[in-house]
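Asker: Sharing a structure with you now.
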Amino acid sequence: MSIRIGKISFWHVHAWDYTKQAQEHGDTEIAAVWDEDAERGRKAAESLNVPFYDSLDDMLARKDIDAVIVDAPTQMHREVMIAAARAGKHIFTEKVVAATLSEVNEILSEVETHGVKLTVSLPRLNDGYTLSVQDILSQGLLGEITYVRVRLSHNGATANWLPEHFYSLEQCQGGALIDLGCHPMYLTRLFLGQEVTGVSASFGYVTGKEVEDNAVATLYTDSGAIGVVEAGFVNSYSPFTIEVHGTEGTLLYGTPEAKLLVRSNKAADQGAAWNDTPVRANRDSAFEQWVAHIQSNTLASDNIQAATELTRLMEAANLSAKAGRVVRLAELKS
């Protein structure tokens, strides 16, 4: 039986990507649209040949709608996801779940209470290079991890291809870091492999927008290991880059080619050269995993944990940039 999906907004730049995934998946279909921008929503609904709803509650009241895809402004995530959970609809959402840890916990409480399946789009967790880096780390080839750096940047602000509403602090709850920087943030946290206790962030405003278009965040751990997260909307040819350094070796990806290079004292050659390591195939996408959780009545526990930690780090980074100091994660209200 097909899972019928109500689309909650086409605000996000990836909204049509997720719509396409739903259309192409053999077990899902888009059945209705609601959008806070009625003109945009009606246009989308017309192109999809499905009904448009002026009222979100009216769409959620439809008994034949099983689930929703959320691409609404970040500021609306708490409101629309709580409404969807209370209506018994499974939820697939664009990152971040919400801008603050307290909001995330409210959403998760409703999701658990009403027994719906939540999955968050953290796509790079499923990419082959991420799985390959995890394989290398699990073998202990780098020794004790001391430093992780992940960079992701594009020229959306300087080449003017990002939608104007992506520069709204109210709607987005941030700029380059909370949008693009989500990916290096959750990857850096993953590769550190230990609890982050503090965050320091600096924001730049190259194009003079309301939100930052150039950002760096430093993650601190009690062991002394450091993570560096970089993101921007103002760079033309910045490669997606991963660096993981340890006491026994170093791993590089995207410098600038999409190759995974490892040099380790524990390798067969005892660190004599950089070894070009094969990259694994991607695993199922977050959307495919969500559908499987609905069908199998299972929970996306690891995904939700990673998404919750992502919001914790983002909230701390935003507070740090504003206050000009290191923010301890223990300070955040849950």
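The values are calculated or read from the model by the stated rules, or taken from the named source; none is laboratory data. Predicted, not measured: the structure shown is a model, and the values here were computed from it. Note that each Cβ is placed from the backbone with ideal geometry, even for glycine, and that neighbours are counted across all protein chains shown. Each accessible area value is taken on the protein alone, full model and side chains, heavy atoms only, with ligands, DNA and RNA left out. Shrake-Rupley method; radii C 1.70, N 1.55, O 1.52, S 1.80 Å.
Asker: If we scan region 15-37, do we find a residue that is buried (at least 20 other Cβ atoms within 10 Å of the Cβ) and closer than 20 Å to A99 by Cα?
Answerer: Yes - at least one qualifying residue is present in region 15-37.
Asker: What's the total number of residues in region 262-278 that are open to solvent by 50 Å² or more (accessible area, probe 1.4 Å) and more than 20 Å from G128 (Cα to Cα)?
Answerer: Matching residues across region 262-278 total 6.
Asker: Then there is this: Looking at region 153-175, is at least one residue part of a helix (DSSP H, G or I) and touching an Asp or Glu at 6+ places or on another chain (Cβ under 6 Å)?
Answerer: Checked against the condition, which is being part of a helix (DSSP H, G or I) and touching an Asp or Glu at 6+ places or on another chain (Cβ under 6 Å), region 153-175 yields at least one hit.
Asker: Moving on to the next point. Answer yes or no: is there a residue in region 281-293 that is without any contact (Cβ under 8 Å) to a residue 24 or more places away in the chain and exposed (fewer than 12 other Cβ atoms within 10 Å of the Cβ).
Answerer: Checking region 281-293: not a single residue is without any contact (Cβ under 8 Å) to a residue 24 or more places away in the chain and exposed (fewer than 12 other Cβ atoms within 10 Å of the Cβ).
Asker: Within the group T119, T158, T130, which residue is open to solvent by 20 Å² or more (accessible area, probe 1.4 Å) and in contact (Cβ under 8 Å) with a residue 60 or more places away in the chain? Don't jump to the end; show me each part of the working.
Answerer: Numbers: T119 fails: open to solvent by 20 Å² or more (accessible area, probe 1.4 Å); T130 fails: open to solvent by 20 Å² or more (accessible area, probe 1.4 Å).
Exactly one of T119, T158, T130 is open to solvent by 20 Å² or more (accessible area, probe 1.4 Å) and in contact (Cβ under 8 Å) with a residue 60 or more places away in the chain, namely T158.
Asker: Suppose the filter is open to solvent by less than 20 Å² (accessible area, probe 1.4 Å), under 22 Å from E309 (Cα atoms) and aromatic (F, W, Y); does Y220 pass it?
Answerer: Working: open to solvent by less than 20 Å² (accessible area, probe 1.4 Å): no; under 22 Å from E309 (Cα atoms): yes; aromatic (F, W, Y): yes.
The answer is no for Y220.
Asker: How many residues does region 84-116 contain that are in a helix (DSSP H, G or I) and open to solvent by 30 Å² or more (accessible area, probe 1.4 Å)? Spell out how you get there, then give the answer.
Answerer: Pass one, region 84-116, residues in a helix (DSSP H, G or I): 84-86, 101-114.
From the residues that got through so far, the ones that are open to solvent by 30 Å² or more (accessible area, probe 1.4 Å) too are 86, 102-103, 105-106, 108-110, 112-114.
So the answer is 11.
Asker: Only one residue in R189, R149 is under 22 Å from T311 (Cα atoms), surrounded by 22 or more Cβ atoms within 10 Å (Cβ to Cβ) and basic (K, R). Which one? Steps first, answer last, please.
Answerer: Details: R149 fails: surrounded by 22 or more Cβ atoms within 10 Å (Cβ to Cβ).
Answer to the selection: R189.
Asker: From the list D54, D64, pick out the single residue that is more than 28 Å from L125 (Cβ to Cβ), open to solvent by 40 Å² or more (accessible area, probe 1.4 Å) and either touching a Leu at 6+ places or on another chain (Cβ under 7 Å) or in contact (Cβ under 8 Å) with a residue 40 or more places away in the chain (or both).
Answerer: So the residue among D54, D64 that is more than 28 Å from L125 (Cβ to Cβ), open to solvent by 40 Å² or more (accessible area, probe 1.4 Å) and either touching a Leu at 6+ places or on another chain (Cβ under 7 Å) or in contact (Cβ under 8 Å) with a residue 40 or more places away in the chain (or both) is D64.
Asker: Further question: Among E110, E106, which is the only one that is over 23 Å from A292 (Cβ atoms), over 16 Å from the mean Cα position of the chain (by Cα) and among the acidic types (D, E)?
Answerer: On the way: E110 fails: over 23 Å from A292 (Cβ atoms).
When all the criteria are applied, what remains is E106.
Asker: Kindly list the number of the only condition in (1) out of contact with any Gly (no Cβ under 9 Å at 6 or more places or on another chain); (2) at positive phi that fails for E170.
Answerer: Unmet condition: (2).
Asker: Just name the residue that is surrounded by the most Cβ atoms within 10 Å (Cβ to Cβ) out of those in region 232-261 that are over 15 Å from E144 (Cα atoms) and of a type in the set (V, I, T).
Answerer: I242
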